[in-house]
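The values are calculated or read from the model by the stated rules, or taken from the named source; none is laboratory data. Predicted model only: the values in this text are computed from it and were never measured. Don't worry about glycine lacking a Cβ; one is built from the backbone with ideal geometry, like all the others, and counts go over all protein chains shown. Accessible surface areas use protein heavy atoms only, side chains included; no ligands, DNA or RNA. Shrake-Rupley method; radii C 1.70, N 1.55, O 1.52, S 1.80 Å.
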Amino acid sequence: MGREITMPRNERSGSVNLGRHAAECKICAHGQRDEIELDFIAWRSPASITKQYGLRNRSTVYRHAHAVGLFPKRQRNVRAALEKIIERAGEVDVTAPAVVAAVQAYSKINVAGQWIDRSEHVDLNAIFEKMTAQELEAYAQNGTLPAWFTGTVGATASDGQKE
Ligand SMILES: [Zn+2]
């Protein structure tokens, strides 16, 4: 395609050659690119994004997400992640303590994803940062949280009640 790409060089993500990526990417040229990116950042699963927007396969979503730096944005979006835990509580096997912790955490996180209760021991942002790429993907695909996640929030919730 001979279309010109007006994105600033090296500004959105370091080493990836964005111009070359964009020339081959179905999402960069997609009419609903913004919606696709917002869905990804809101922890929607790449499989369902692929289906809804008529993309070829999930790797299209992953390649685009890497190229334009969506992974760190999604990771910072703790609020959306918690909404997903709460929403899915009835559908998938999310343990009760995890749901309770998510509801409590959700009520304390502002729109920017910052924890607003300074006296609280648990920092959900920090917990999400501790999750490996694999754990984050498992979470995005089917809402599975690592075992240590529920351990962490469970322990801290009871600590807080001793006062
Ligand atoms: Zn792209």
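To the nearest 10 square angstrom, how much accessible area does Glu137 have with a 1.4 angstrom probe?
40
Pull out the extension gain between Ala80 and Val103, defined as 0.36 nm times the separation in residues minus the alpha carbon to alpha carbon distance; nm, one decimal.
The span from Ala80 to Val103 would gain 7.1 nm if fully extended.
Using R₀ = 22 Å, calculate the FRET efficiency as 1/(1 + (r/R₀)^6) where r is the Cβ-Cβ separation of Lys51 and Arg20; round to 0.05.
0.25
Using the basic label-point model (7 angstrom from Cα toward the beta carbon), what is the Arg58 to Ala29 distance in nanometres?
With each label placed 7 Å out from Cα toward Cβ, I get 2.5 nm.
How big is the accessible area of Arg88 in square angstrom, nearest 10, if you roll a 1.4 angstrom probe over the protein chains?
Arg88 exposes around 50 Å² with every protein chain in place.
Among residues other than Arg33 whose Cβ falls under 13 Å from its Cβ, what is the net charge (Lys/Arg +1, Asp/Glu -1)?
Taking every Cβ under 13 Å from that of Arg33, the sum is -3.
Going by average Cβ density within 10 Å per residue, which order do the peptides 79-85, 97-103 take, highest to lowest?
Averaged packing, sorted descending, gives the order 79-85, 97-103.
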